[in-house]
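Taking it in order: structure first as structure tokens, then the write-up.
The values are calculated or read from the model by the stated rules, or taken from the named source; none is laboratory data. Here the structure is a predicted model, which is why all the values come from computation and not from measurement. Heads up, the Cβs are rebuilt from the backbone with ideal geometry, glycines too, and the neighbour counts pull from every protein chain shown. These accessible areas exclude ligands, DNA and RNA; they are computed on the full protein's heavy atoms, side chains included. Shrake-Rupley method; radii C 1.70, N 1.55, O 1.52, S 1.80 Å.
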Amino acid sequence: MTEAHIFALGLALACLAGVRAYLTVFGVGIAGLMGWVDLPPALAVTTSPWVLGTAGALAVVEFSADKIPGVDSGWDLLQTLARIPAGAFLAAAALSDDGQLSTGALVMGGGAALGTHALKSGTRAVINASPEPLSNWAASVSEDGVALGALALVFAYPWLALILLLGVLGTGALVVFWLARWVWRRTGGIIQGQTGATR
């Protein structure tokens with residue numbers, strides 16, 4: 001891989017961690033364990049049975065918790081403590097040839113994970129305020145699909161994976177913005193109607 005590809009790989013893994021940290025760690029570990037990719041020395045820890053088992057179990061928990069309105073927002077708040085450090089580590093480890101994690105790479109990875117985590121959490125908070133409960137399921141399943149698709153691409157085509165991930169998240173942000181405006185107008189109209197009726 002060229003330096004540009006390695007940079008894209010680290011950034012893509014950090015962005016993925018901001019959405020699905022446990023699935024990302026599990027995917028990286030499986031890819032290394034099965035010999036599909038040669039992991040940098042610092043990422044070799046993800047192939048440990050303990051890391052794989054823990055990440056896999058937590059990925060299943062997250063898969064379920066993320067589809068329950070209200071619970072998903074609480075889960076997202078709690079996962080701030082996991083997603084940002086995971087993104088920082090994955091980016092720095094991917095960019096490290098000698099196993100030494102650089103401060104710059106840690107900051108970049110943490111920032112990327114924070115960005116996608118904030119977008120995901122904010123999106124879900126708006127969706128939970130909407131009157132359509134199925135939108136929560138649709139958002140969660142979409143995130144699962146994007147995370148799995150990006151994981152499948154990230155080692156062979158890191159730039160494509162990064163573009164896919166950011167493109168879908170950006171599109172999701174626009175959809176949520178429009179949804180938030182619609183909910184605001186609808187609830188604003190109801191409140192005004194009730195206020196007018198009481199006068």
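Things worth noting here:
- Sole exception among (1) within 26 Å of Ser121 (Cβ to Cβ); (2) modelled with pLDDT of 90 or more for Ala31, by number: (1)
- Qualifying residue in segment 7-28 (condition: surrounded by 14 or more Cβ atoms within 10 Å (Cβ to Cβ), modelled with pLDDT under 90, in a helix (DSSP H, G or I) and in contact with an Asp or Glu (Cβ under 6 Å, 6 or more places away or on another chain)): no
- The listed residue being of a type in the set (A, V, I, L, M, F, W, C), out of contact with any strand residue (DSSP E or B) (no Cβ under 8 Å at 6 or more places or on another chain) and within 23 Å of Val168 (Cβ to Cβ), out of Val51, Val45, Val61, Val28: Val28
- Filtered residues of segment 122-151 (kept if among the hydroxyl-bearing types (Ser, Thr, Tyr) and either open to solvent by 30 Å² or more (accessible area, probe 1.4 Å) or more than 11 Å from the chain's Cα centre (by Cα) (or both)): Thr123, Ser130, Ser135, Ser142
- Selection count, segment 45-67, where residues are over 16 Å from the mean Cα position of the chain (by Cα) and surrounded by 15 or more Cβ atoms within 10 Å (Cβ to Cβ): 5
- Residues in segment 29-44 that are of a type outside the set (Gly, Ala, Ser) and in contact (Cβ under 8 Å) with a residue 60 or more places away in the chain were compared, and the one that is most open to solvent (accessible area, probe 1.4 Å) is Trp36.
- Residue within segment 75-98 that is of a type outside the set (D, E, K, R), over 13 Å from the mean Cα position of the chain (by Cα) and on the phi > 0 side of the Ramachandran plot present: no
- Of all the criteria given as (1) open to solvent by 70 Å² or more (accessible area, probe 1.4 Å); (2) touching a Cys at 6+ places or on another chain (Cβ under 6 Å), the one not satisfied by Leu114 is (2).
- Selection count where residues are in contact (Cβ under 8 Å) with a residue 40 or more places away in the chain and either out of contact with any helix residue (DSSP H, G or I) (no Cβ under 8 Å at 6 or more places or on another chain) or aromatic (Phe, Trp, Tyr) (or both), scope segment 142-157: 1
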